[in-house]
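Okay, so here's the structure we're looking at.
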Amino acid sequence: LLLLALGLAAAAKSPYQQVLQHSRLRGRQHGPNVCAVQKLIGTNRKYFTNCKQWYQRKICGKSTVISYECCPGYEKVPGEKGCPAALPLSNIYETLGVVGSATTQLYSDRSNLRPEIEGPGSFTIFAPSNEAWASLSAETLDSLVSNVNIELLNALRYHMVDKRVLTDDLKHGTTLNSMYQNLPIQIHHYPNGIVTVNCARLLKADHRATNGVVHVIDKVIATTTNTIQQIIETEDSLETLRTAVAASDLSSLLESEGQYTLLAPTNEAFEKIPQETLNRILGDPEALRDLLNHHILKSAMCAEAIIAGLTMETLEGTTLDVGCSGEELTLNGKPIIANKDVLATNGVVHFVNELLIPDSAKTVFELAQESEVSKSTDLFRQAGLSSHLTGSERVTLLAPVNNVFKDGLPVIDSNMRNLLLNHIVKDQLSSKYLYHGQKLQTLGDKELRVFVYRNNLCIENACIAAHDKRGRFGTLFSVDKMLTPPTGSVMDVLKADHRFSTLVAAIQSAGLTENLNRPGTFTVFAPTNEAFQAMPQGELNKLMGNAKELANILKFHVADEILVSGAVTALVRLKSMQGDKLEVSMKNNVIHINKEPVAESDIMATNGVIYAVNSVLQPQASRPQERGDEPADPALEIFKQASALSKVSQRNLRLAPVYSRILARMKENSGGF
């Protein structure tokens, strides 16, 4: 129970306290109350370290060094190890001088705030560090200190709250009423342990005083009275954004209560976009709204809270990678933020000098140009098909990845143009809604089949190689190879390929032609002429002389389901039409069937897929124990070279009766599927 209670207590700690506790653990070897601190090399910026940062030794991609210093609230004692003594408990005014905010103490004295923070009460002061005051421009500092009784006093009172507030009470997204006209102070307490006050980072927190608490922050904070919408309306550099927001009807959102981050594209950002693209988006209310929502994060993110990369969700439902590189903030890895932490009453604004166009506002052509299928866009453009990919036509583009064209782009002719048309599917699809056996119609009037496998999703022989990119009117599917739409049935394809003439004759002899012509879902491992020629003569004679055995062997080469090569990532077992199992595997990027390499994969047919193999596969029960050296049968030799002798027979009538008798004899004993 004690362990459970301790665990619950630890779980209840705020992110800041968890990071502080980790820093204590890393520093304990140096004595009591010593905290490990990461310091950016070449700067005075310090951070209490969490576990990830401790091992990476980096903040915003920059190297850090570890130093050890007293944890907040403790001090050294001469001659003793660590920081064994608690700081003396005194009033807020005296505490300011002890915790590194002597300038705030000085200005409290000058502005006559001192009596209040020395006297009785319960206050919290977010005290700018000495460096924070020094970083103010001379003009700003002069305007404060030249009118100490009004401006400076008001500025200091805006840093104060009339109650005791510790870091555990500083909840993310909340506000505290300041002691200057009750104007709000915005609090953000991030999961990485960073706490900000009006986007100023807490450096040293929870210094207790007799009359309150002191938190040291890294900036002098200013009052905030404008909403995000009002900032847009008053900034000259956001004129184009102002027009776009008005046209998209987002003004009400940006002036409502909430905590948003606006990544505000400047006029310069809009000017970088091709005029045609910009006009298209500005003239399309849906694309414009998606564009602007893509620049609005769902929560307020101050720059000081970003010490490593993180992914943030936009109002559009997409994500942006927000990170940092040294002093610069980055978006999707690019340092495009020109001005950061412009605070509003309902969030924070960062000015960006590049427009972030989401996929949902892009044409299919634009999606393809920016991805790993850019070479495909060149091919479609050369073929004169760009109009299908840039307009408002609802299509899905099956674009082969660049690696497919590593040896160069194919020549554009009428056949290639027709093939490319069959890479454009009518209708805008999403891969997550595709199902096995679905038929897709192309602009080339072909019908494509969808195959859903355990580890892949394929359309004919091409498998999807990356996540969809869904544009304004079209979707991009990146695929791993050029599509080869089927041109006929299995038998049609085999007959049209001279490599399979012996197989075709065998299929006809075994009476299986009709079966391989009918609608179906066959995978055929088709022995080439070379495969038959490689068989021992006696074995071949025996096979060709027995129509029933021939049909049995041929059935062993056919499975009643379609398996394209992209689905083979491990061993796949198929049941053959003969009944025995076929084992399909991938080795060194080559498909193997029963451990025999395949010569060519994915020859697509309307009722299946064909693999060319250079060996005749044998079922377990049919494999001969010994291979004989029987003399060749001249009649079977004729059959072995069926295609060639078929042509000869037309010229030599003496051979025709012999060949006909062989075929007739085999058909008498043939079986069907």
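The values are calculated or read from the model by the stated rules, or taken from the named source; none is laboratory data. Note that the structure is a prediction, hence the values are computed from the model and not measured. Because the Cβ atoms are built from the backbone with ideal geometry, glycine has one as well, and the counts that use them run over all protein chains shown. SASA here: full protein model, heavy atoms, side chains in, ligands and nucleic acids out. Shrake-Rupley method; radii C 1.70, N 1.55, O 1.52, S 1.80 Å.
Please specify each residue of the range 288-298 satisfying the condition of being open to solvent by 30 Å² or more (accessible area, probe 1.4 Å) and more than 21 Å from the chain's Cα centre (by Cα).
Of everything in the range 288-298, just one residue is open to solvent by 30 Å² or more (accessible area, probe 1.4 Å) and more than 21 Å from the chain's Cα centre (by Cα), namely Arg289.
I'd like to verify a number: residues in the range 122-162 that are surrounded by 15 or more Cβ atoms within 10 Å (Cβ to Cβ) and part of a loop (DSSP other than H, G, I, E, B), how many?
Final tally of qualifying residues: 4.
Quick one: Gly323 ticks every box in (1) more than 27 Å from Ile194 (Cα to Cα); (2) open to solvent by less than 40 Å² (accessible area, probe 1.4 Å); (3) not polar (S, T, N, Q) bar one, so which box is it?
Every listed condition holds for Gly323 apart from (1).
What tally of residues in the range 485-499 results from selecting those that are open to solvent by 60 Å² or more (accessible area, probe 1.4 Å) and among the β-branched types (Val, Ile, Thr)?
Residues flagged as open to solvent by 60 Å² or more (accessible area, probe 1.4 Å) and among the β-branched types (Val, Ile, Thr) within the range 485-499 amount to 1.
Helices (runs of 4 or more DSSP H) wholly in the range 482-577 with at least 2 residues that are among the small types (Gly, Ala, Ser), at pLDDT below 95 and not assigned by the TED database to the domain that holds Asn402 - which ones?
Output list reads 501-509, 547-556.
Would you please name the residue that is farthest from the chain's Cα centre (by Cα), looking only at residues in the range 194-213 that are at positive phi and open to solvent by 10 Å² or more (accessible area, probe 1.4 Å)?
Ranking the candidates gives Asp206 first.
Any idea how many residues of the range 428-449 are under 24 Å from the mean Cα position of the chain (by Cα) and either surrounded by 14 or more Cβ atoms within 10 Å (Cβ to Cβ) or more than 15 Å from Ala399 (Cα to Cα) (or both)?
Selection size over the range 428-449: 7.
Can you tell me which residue in the range 309-341 is farthest from the chain's Cα centre (by Cα), limited to those that are under 26 Å from Lys46 (Cα atoms) and among the aliphatic types (A, V, I, L, M)?
Among them, the one singled out is Ala338.
Between residues in the range 31-47 that are over 19 Å from Cys83 (Cα atoms) and at pLDDT 90 or above and residues that are among the small types (Gly, Ala, Ser) and open to solvent by less than 40 Å² (accessible area, probe 1.4 Å), which pairs lie under 6 Å by C-beta distance while being six or more apart or on different chains?
From residues that are over 19 Å from Cys83 (Cα atoms) and at pLDDT 90 or above, the pairs are Lys39/Ser67.
Kindly establish whether Ile231 is crowded, with 17+ Cβ neighbours inside 10 Å and either part of a helix (DSSP H, G or I) or of a type outside the set (Val, Ile, Thr) (or both).
Judged against the criteria, Ile231 is a match.
Checking Thr261 against (1) among the polar types (S, T, N, Q); (2) outside the structural domain of Ser299 (by the TED database); (3) open to solvent by less than 10 Å² (accessible area, probe 1.4 Å): exactly one of these is not met. Which one?
(2)
Only one residue in Met586, Met604 is under 23 Å from Ser489 (Cβ atoms), among the aliphatic types (A, V, I, L, M) and in contact with a helix residue (DSSP H, G or I) (Cβ under 9 Å, 6 or more places away or on another chain). Which one?
On inspection, the qualifying residue turns out to be Met604.
Could you please let me know if Glu366 is assigned to a helix (DSSP H, G or I), touching a helix residue (DSSP H, G or I) at 6+ places or on another chain (Cβ under 9 Å) and open to solvent by 20 Å² or more (accessible area, probe 1.4 Å)?
yes
Given the structure, is Gln56 open to solvent by 20 Å² or more (accessible area, probe 1.4 Å) and within 18 Å of Asp218 (Cα to Cα)?
For Gln56, the condition - open to solvent by 20 Å² or more (accessible area, probe 1.4 Å) and within 18 Å of Asp218 (Cα to Cα) - is not met.
I need the full set of residues from the range 258-290 which are aliphatic (A, V, I, L, M) and either under 14 Å from Ser392 (Cβ atoms) or not in a loop (DSSP other than H, G, I, E, B) (or both), in order please.
Once the filter is applied, which keeps residues that are aliphatic (A, V, I, L, M) and either under 14 Å from Ser392 (Cβ atoms) or not in a loop (DSSP other than H, G, I, E, B) (or both), the range 258-290 yields Leu262, Leu263, Ala264, Ala269, Leu278, Ile281, Leu282, Ala287, Leu288.
What number of residues within the range 301-313 are over 20 Å from Lys52 (Cα atoms) and surrounded by fewer than 20 Cβ atoms within 10 Å (Cβ to Cβ)?
The total comes to 1.
Among the residues of the range 396-418, is any under 30 Å from Leu297 (Cα atoms), open to solvent by less than 10 Å² (accessible area, probe 1.4 Å) and at pLDDT 95 or above?
Yes, that holds for at least one residue.
Restricting attention to the range 63-75, does a residue exist that is outside the structural domain of Cys199 (by the TED database), farther than 30 Å from Ser178 by Cβ and in a loop (DSSP other than H, G, I, E, B)?
No - not one qualifying residue is present in the range 63-75.
Can you tell me which residue within the range 555-583, out of those that are open to solvent by less than 10 Å² (accessible area, probe 1.4 Å) and among the aliphatic types (A, V, I, L, M), is nearest to Leu483 (Cα to Cα)?
Val564
Listed residues Phe473, Phe477; which is farther than 27 Å from Asn517 by Cβ, open to solvent by less than 10 Å² (accessible area, probe 1.4 Å) and among the aromatic types (Phe, Trp, Tyr)?
Only one candidate qualifies: Phe477.
Is it the case, given these coordinates, that Leu443 is farther than 25 Å from Tyr611 by Cβ, in contact with a strand residue (DSSP E or B) (Cβ under 6 Å, 6 or more places away or on another chain) and not assigned by the TED database to the domain that holds Gly317?
Yes.
Please identify the pairs in which a residue from the range 372-401 that is assigned by the TED database to the domain that holds Phe473 and in contact (Cβ under 8 Å) with a residue 40 or more places away in the chain has its Cβ atom under 6 Å from the Cβ atom of a residue that is among the hydroxyl-bearing types (Ser, Thr, Tyr) and in a strand (DSSP E or B), counting only partners at least 6 apart or on another chain.
If the second residue must be among the hydroxyl-bearing types (Ser, Thr, Tyr) and in a strand (DSSP E or B), the pairs left are Val373/Ser478; Thr396/Thr475; Ala399/Ser478; Val401/Ser478.
Considering only residues that are among the β-branched types (Val, Ile, Thr) and more than 14 Å from Phe532 (Cβ to Cβ), look in the range 500-521 and name the one that is surrounded by the most Cβ atoms within 10 Å (Cβ to Cβ).
Thr513
Checking the condition open to solvent by less than 10 Å² (accessible area, probe 1.4 Å), on the phi < 0 side of the Ramachandran plot and within 24 Å of the chain's Cα centre (by Cα), which residue from Ser371, Ser376 passes?
Answer to the check: Ser376.
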